[in-house]
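So the structure is just underneath, and the comments pick up after that.
We did not get these values from a lab; they are worked out from the coordinates using the rules stated. No experiment lies behind these values; they were computed from the predicted model shown. No Cβ is skipped: glycine too gets one built from the backbone with ideal geometry, and neighbour counts run over all protein chains shown.
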Amino acid sequence: QVQLVESGGGLVQPGGSLRLSCVVSGSRDNFNIYHMSWYRQAPGKELELVARIGSGGFTTYADSVEGRFTISRDNAKKTMFLQMNDLKPEDTAVYYCNGGWSQYDYWGQGTQVTVSS
């Protein structure tokens, strides 16, 4: 079974940085072909797409994070990352790793990011 495990969340001050990681394990497919995304859900808000990186490395970002966040992947380690800089209180949310290919779609359990005001 495929598992996605996020880590790296925590409590930071505004303007600080965090680096989230998502490790994919148990995959019978090549991670190289996976599309990978970070989502987040803030208190009282709907699930929001934060950033996406395709199998070819093409990236997209939500307007609210573009210029501050960077999504990347290490195919050899079956891992993707979200480097978050200049964090703001409104970035506070549970961040979820998502990925897959074809009809396959997988989700992590989430990691909490809290930015104090």
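Brief remarks on what is shown
- When +1 charges are put on Lys and Arg Cβ atoms and -1 charges on Asp and Glu Cβ atoms, the dipole computed for region 35-88 relative to its Cα centre reaches about 220 debye.
- For region 1-47, the convex hull drawn through the C-alpha positions has a volume of 118 cubic angstrom per residue.
- Dipole check for region 3-117: with +1 at the C-beta of Lys and Arg, -1 at the C-beta of Asp and Glu, and the Cα centre as origin, the magnitude is about 300 Debye.
- Packing-based ranking, highest mean first, of 68-74, 28-34 given that Cβ atoms within 10 Å are counted: 68-74, 28-34
- Region 44-106 - Debye-derived log10 I(q)/I(0), Cα point model, q = 0.15 Å⁻¹: -0.51
- Cross-link reach list, lysines versus residue 88, counting only Cα pairs under 17 Å and skipping chain neighbours closer than eight places: 45
- Global dimensions of the chain from alpha-carbon coordinates: Rg and Dmax equal 13.5, 43 Å.
- Packing-based order for 81-93, 99-111, using average beta carbon neighbours within 10 Å, highest first: 81-93, 99-111
- 3J(HN,Hα) from dihedral phi, region 81-92, Karplus parametrisation 6.51/-1.76/1.60, rounded to Hz, x for glycine, proline: 10, 9, 7, 10, 10, 6, 5, 10, x, 6, 7, 4
- Estimated vicinal HN-Hα couplings, Hz - region 98-112 in sequence order (Karplus 6.51, -1.76, 1.60; Gly, Pro = x): 9, x, x, 7, 6, 8, 8, 8, 10, 10, x, 7, x, 9, 7
- Here the Karplus curve 6.51 cos²θ - 1.76 cosθ + 1.60, taken at θ = phi - 60°, turns the phi angles of region 31-36 into couplings of 4, 3, 8, 6, 8, 10 Hz, with x standing for Gly and Pro.
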